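The structure appears right after this line, and notes come after that.
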Amino acid sequence: MIDLRSDTVTQPTVAMRHAMATAVVGDDVYQEDPTVAKLEETAARMLGKEAALLVTSGTQGNQVAVLTHVRPGEEVIVEADAHIFYYEAGAMASLAGAQTRPLPGLRGQIPLTDIEAAIRGQNIHFPRTALICLENTHNRAGGAVLPLPYMQEVAELAKKHQIPVHLDGARLFHAAVAAQVPVSAYAATADSVQICLSKGLGAPIGSLLLGTSDFIDRARQWRKALGGGMRQAGVIAAPGLIALTEMVDRLAQDHDKAQRLARGLAQIPELSVDVAKVETNIVLCDVGGLAMSIDAFVDELERRGVRTAEFGAANVRFVTHFDVSEQQIDETLEIVADVVKASARS
Ligand code: TLP
């Protein structure tokens, strides 16, 4: 199987498995796990934040952030296709009791004028605008990179209105590598940041939430409330340390593989891929021009050994990662071309 459904499907490396087996551990609810402490310190140093908190997943990190920033009935400005709004099972509503204000963006960027217009003024009828969320890279926008100057402008606007910014950086390292911007520069534009160790960096489990020491102290209690207080979590932190220290620079290879795939798909006339929009490791391919349905296309690819994901009414998502080789990208292109040809004949 060539599994291009997501960059979450990678197997832990041999070094990661060894690190898990030999990790020095303690009870992290007592904050006595030295490997967790090392991971949190390393992440905080890399992102230039005071403190970090190991959480079970990107979703948990995002939702702990919302719970820490927002009180019930307050409003959160989000991009309309953002993961925190679109894919987290309505948790901002069910857990934080937050009201969301989704605003459409262009390649993940909500126009600044729209953000400013959506910020609530003082009025007895209005909820308080308590948080602005950004996502970089932006998943549903096809791994789009939010440029640093845009993020700096949002930060300035938010500061002017004294509203905190949360950055869903599940793939922030992908953005940093693609834009050649230090990850700390991106992190500096947000009050809290969530990064995933399991998306393209190869760790089997875990994300980190980062912010000021005071914010992380409060977030730790919300993590406990959500059942995310883990005991000998060093076995998770140990591969996470390898993810942060050894797996970041190689993301450029995943971006190259995505380019190779996108260029190949773009040569198939029945498919539509905007190669210029492939900035990182996600390729969106519009299959609306095919004689077969998107379901049938994805199923047929799977039957022939290529796993992809349906992403909306007409888009198929292909995500590259370290467990897929250049040769497998070429094999994928051959299989896709065959399936498209067969669909035209039938
Ligand atoms: N995204 C997954 C799916 O949920 C769609 C994927 O395969 O891409 N933020 C962003 C931007 C994400 O892409 C994801 C995962 C998360 C948060 C949530 O992370 P997990 O799955 O660890 O809860």
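The values are calculated or read from the model by the stated rules, or taken from the named source; none is laboratory data. Computed from a predicted model, the values in this text were never measured in an experiment. All Cβ positions, even for glycine, are placed from backbone atoms using ideal geometry, and neighbour counts span all protein chains on display.
Scanning the range 184-202 for residues that are closer than 15 Å to ALA44 by Cα and either within 15 Å of the ligand (Cβ to nearest atom) or in contact with a Pro (Cβ under 7 Å, 6 or more places away or on another chain) (or both) yields TYR186, ALA190, ASP191, SER192, VAL193, GLN194, ILE195, CYS196, LEU197. Among the residues making up the range 206-215, a single one is over 22 Å from GLY143 (Cβ atoms) and in a loop (DSSP other than H, G, I, E, B): THR212. Go through VAL273, VAL319 for me and flag whichever is over 19 Å from the mean Cα position of the chain (by Cα) and buried (at least 18 other Cβ atoms within 10 Å of the Cβ). Testing whether each residue is over 19 Å from the mean Cα position of the chain (by Cα) and buried (at least 18 other Cβ atoms within 10 Å of the Cβ) leaves just VAL273. Restricting attention to the range 156-175, which residues are surrounded by fewer than 19 Cβ atoms within 10 Å (Cβ to Cβ) and either assigned by TED's automatic domain parsing to the domain that holds THR280 or part of a helix (DSSP H, G or I) (or both)? Selection gives GLU156, LEU157, LYS159, LYS160. Of all residues in the range 150-172, those satisfying the criterion of being more than 16 Å from the ligand (Cβ to nearest atom) and among the small types (Gly, Ala, Ser) are ALA155, ALA158. Of all residues being of a type in the set (Asp, Glu), closer than 23 Å to GLY143 by Cα and part of a loop (DSSP other than H, G, I, E, B) in the range 71-90, which is farthest from the ligand (Cβ to nearest atom)? Just the residue, please. Across the range 71-90, the extreme among qualifying residues is ASP81. For the criterion of being of a type in the set (A, V, I, L, M), touching a residue at least 24 places away in the same chain (Cβ under 8 Å) and either over 22 Å from GLY206 (Cα atoms) or more than 16 Å from the ligand (Cβ to nearest atom) (or both), LEU95 fails.
Confirm whether PRO239 is within 16 Å of the ligand (Cβ to nearest atom), assigned to a helix (DSSP H, G or I) and in the same structural domain as ALA23 (by TED's automatic domain parsing).
yes
Note on the range 322-346: among residues that are in a loop (DSSP other than H, G, I, E, B) and crowded, with 18+ Cβ neighbours inside 10 Å, the one that is nearest to the chain's Cα centre (by Cα) is PHE322.
Condition check for GLY200 on (1) part of a helix (DSSP H, G or I); (2) under 23 Å from ILE329 (Cα atoms); (3) in the same structural domain as LEU134 (by TED's automatic domain parsing); (4) not β-branched (Val, Ile, Thr): one failure, at (1).
If you go through the range 57-74 and pick out every residue that is surrounded by fewer than 20 Cβ atoms within 10 Å (Cβ to Cβ) and not basic (Lys, Arg), you end up with 4.
Here the condition is being of a type outside the set (Gly, Ala, Ser), in contact (Cβ under 8 Å) with a residue 40 or more places away in the chain and surrounded by fewer than 22 Cβ atoms within 10 Å (Cβ to Cβ); of VAL14, VAL9, it holds for VAL9 alone.
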